[in-house]
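Novice: Take this structure first; my questions come after.
The values are calculated or read from the model by the stated rules, or taken from the named source; none is laboratory data. Everything numeric in this text was worked out from a predicted model, so none of it was measured. Glycine also receives a Cβ, built like all others from the backbone with ideal geometry; neighbour counts cover every protein chain displayed.
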Amino acid sequence: MPKTILIGAPIDTGQKRPGCLMGPAAYRVAGIAREVSSEGHGVEDWGDLTLPPLLAVACPNPAVHSLAETVGWTVALMDKVDDALSQGGFPIIMGGDHSLALGSAAAAAAFAHRQGRPLFLLWLDAHSDFHTPMTTTSGNLHGTPLAYIAGREGFDAFPPFPAPVPAHRICMFGIRSVDPAEQAAMLLHDIQVNDMRVIDERGLVAPLREFLDLVRAEGGMLHVSLDVDFLDPSIAPAVGTTVPGGTTFREAHLVMELLHESGLVTSLDLVELNPFLDDRGMTARLMVDLVGSLMGKKVFDRPTRSK
Ligand SMILES: [Mn+2]
């Protein structure tokens, strides 16, 4: 396992509920570096990114807000995550809202392209995030990264996506909230959607293994984007967009354990944690626990903790 590089992305501008900018600090307080190193992996914390000087950018959709800031964060992340990958590291981007994936996935795509390897995307999220800046009605750009990654039009204000990821290399998991405009576009693009209905019927293991087999067969890199709202709000309340019916504690750990066993994951986003909404750090701790499982920890036989 390559050395883990922690990159703080204190980004709040992809949506309207303040608090995600405290995410990186919460992950550190919850012991993310210790969790990684206790599984025997090297870890470096590169600190938090800062917003570069803003460019003059515009979008014809008047609903879109914080465009210049989101473009700025995207550029900063493209640079820093690429650095981490180029040094042979395993970057974990600690968000920050999901707009950070515009930059982290772009960096992963640029790096994979230079390596001559295909990039795959695993989207663990309640939402499909398949809006473009032109189709969003909320104007919240945290709902757009998958459309950028898939090469949809409407991102003129952003750097061109380095190597758009074809639909068969994108897998959505845990989806249970999709806007009509997104649904139509997803059908058009033929994106594989494992919504909660699929997970109810087939379980997690079979569809996830099918996707991982594909990554392995094509010698791909795998960027995983883990949104807090992938988890059920009863175990992960610290998110601005709770949707009932999310994955359970065990299901989420199982995903991470399968990912660990696959050895295929090359970069990871942790997004949408809003510590201001948390209940005594339970969500931050759960997310850090999930990172532990991705690093190889098994969840069994643990002492009962007092809260
Ligand atoms: Mn999301």
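Novice: Checking the conditions here, which among 101, 84, 107, 33 is closer than 23 Å to residue 137 by Cβ, in contact (Cβ under 8 Å) with a residue 24 or more places away in the chain and of a type in the set (Gly, Ala, Ser)? Walk me through how you get there before you give the answer.
Specialist: Details: 84 fails: closer than 23 Å to residue 137 by Cβ; 107 fails: closer than 23 Å to residue 137 by Cβ; 33 fails: closer than 23 Å to residue 137 by Cβ.
Sole residue among the options that is closer than 23 Å to residue 137 by Cβ, in contact (Cβ under 8 Å) with a residue 24 or more places away in the chain and of a type in the set (Gly, Ala, Ser): 101.
Novice: Then there is this: Give me the residue from region 1-41 that is part of a loop (DSSP other than H, G, I, E, B) and within 11 Å of residue 295 (Cβ to Cβ) and, out of that set, modelled with the lowest pLDDT. Steps first, please.
Specialist: Taking region 1-41 first, the residues part of a loop (DSSP other than H, G, I, E, B) are 1-3, 10-19, 30-31, 39-41.
If we keep only those that are within 11 Å of residue 295 (Cβ to Cβ) as well, we get 1, 39-41.
Working: 1: 76, 39: 89, 40: 90, 41: 92.
Checking each candidate, the answer is 1.
Novice: Looking at 47, 88, which is the one that is assigned to a loop (DSSP other than H, G, I, E, B) and modelled with pLDDT of 95 or more? Outline the logic, then answer.
Specialist: Working: 47 fails: assigned to a loop (DSSP other than H, G, I, E, B).
The unique qualifying residue is 88.
Novice: Another question about this same structure. Mind counting the residues in region 262-298 that are within 16 Å of the ligand (Cβ to nearest atom) and closer than 17 Å to residue 242 by Cα?
Specialist: Number of matching residues: 8.
Novice: Now, a different point. Could you list, in sequence order, the residues of region 205-258 that are within 17 Å of residue 95 (Cβ to Cβ), of a type in the set (Ser, Thr, Tyr) and not in a strand (DSSP E or B)?
Specialist: 241, 242
Novice: Is it the case that region 140-158 has a residue that's surrounded by 19 or more Cβ atoms within 10 Å (Cβ to Cβ), in a loop (DSSP other than H, G, I, E, B), modelled with pLDDT of 95 or more and in contact with a strand residue (DSSP E or B) (Cβ under 9 Å, 6 or more places away or on another chain)?
Specialist: Yes, some residue in region 140-158 is surrounded by 19 or more Cβ atoms within 10 Å (Cβ to Cβ), in a loop (DSSP other than H, G, I, E, B), modelled with pLDDT of 95 or more and in contact with a strand residue (DSSP E or B) (Cβ under 9 Å, 6 or more places away or on another chain).
Novice: Additional query: Taking region 159-179, which residues are within 16 Å of the ligand (Cβ to nearest atom) and not in a loop (DSSP other than H, G, I, E, B)? Steps first, please.
Specialist: Pass one, region 159-179, residues within 16 Å of the ligand (Cβ to nearest atom): 170-179.
Hits for region 159-179 are 170, 171, 172, 173, 174, 175, 177.
Novice: Another question about this same structure. Out of 208, 204, 212, 222, I need the residue that is hydrophobic (A, V, I, L, M, F, W, C), at pLDDT below 95 and away from the ligand (no atom under 16 Å from the Cβ). Which one?
Specialist: Testing whether each residue is hydrophobic (A, V, I, L, M, F, W, C), at pLDDT below 95 and away from the ligand (no atom under 16 Å from the Cβ) leaves just 204.
Novice: Pull up region 194-225, narrow it to residues that are touching a residue at least 24 places away in the same chain (Cβ under 8 Å) and of a type in the set (Val, Ile, Thr), then point me to the one that is surrounded by the most Cβ atoms within 10 Å (Cβ to Cβ).
Specialist: 224
Novice: Does residue 192 satisfy the condition of being closer than 29 Å to residue 236 by Cα and either among the acidic types (Asp, Glu) or in contact with a strand residue (DSSP E or B) (Cβ under 8 Å, 6 or more places away or on another chain) (or both)? Spell out the reasoning first.
Specialist: On the way: closer than 29 Å to residue 236 by Cα: yes; either among the acidic types (Asp, Glu) or in contact with a strand residue (DSSP E or B) (Cβ under 8 Å, 6 or more places away or on another chain) (or both): yes.
For residue 192, the condition - closer than 29 Å to residue 236 by Cα and either among the acidic types (Asp, Glu) or in contact with a strand residue (DSSP E or B) (Cβ under 8 Å, 6 or more places away or on another chain) (or both) - is met.
Novice: Residues in region 51-70: is at least one crowded, with 24+ Cβ neighbours inside 10 Å and closer than 19 Å to residue 130 by Cα?
Specialist: yes
Novice: While we're on this one: State the number of residues belonging to region 124-151 that are more than 16 Å from the ligand (Cβ to nearest atom) and farther than 16 Å from residue 67 by Cβ.
Specialist: Number of matching residues: 1.
Novice: Additional query: What tally of residues in region 159-176 results from selecting those that are buried (at least 18 other Cβ atoms within 10 Å of the Cβ) and touching a strand residue (DSSP E or B) at 6+ places or on another chain (Cβ under 8 Å)?
Specialist: Step one: filter region 159-176 for residues buried (at least 18 other Cβ atoms within 10 Å of the Cβ), giving 161-163, 165, 169-176.
Remaining after also requiring touching a strand residue (DSSP E or B) at 6+ places or on another chain (Cβ under 8 Å): 163, 165, 169-176.
Residues that pass the stated criteria total 10.
Novice: Also: Given (1) assigned to a helix (DSSP H, G or I); (2) out of contact with any helix residue (DSSP H, G or I) (no Cβ under 9 Å at 6 or more places or on another chain); (3) of a type outside the set (Ser, Thr, Tyr), where does residue 182 come up short, assuming only one miss?
Specialist: Every condition holds for residue 182 apart from (2).
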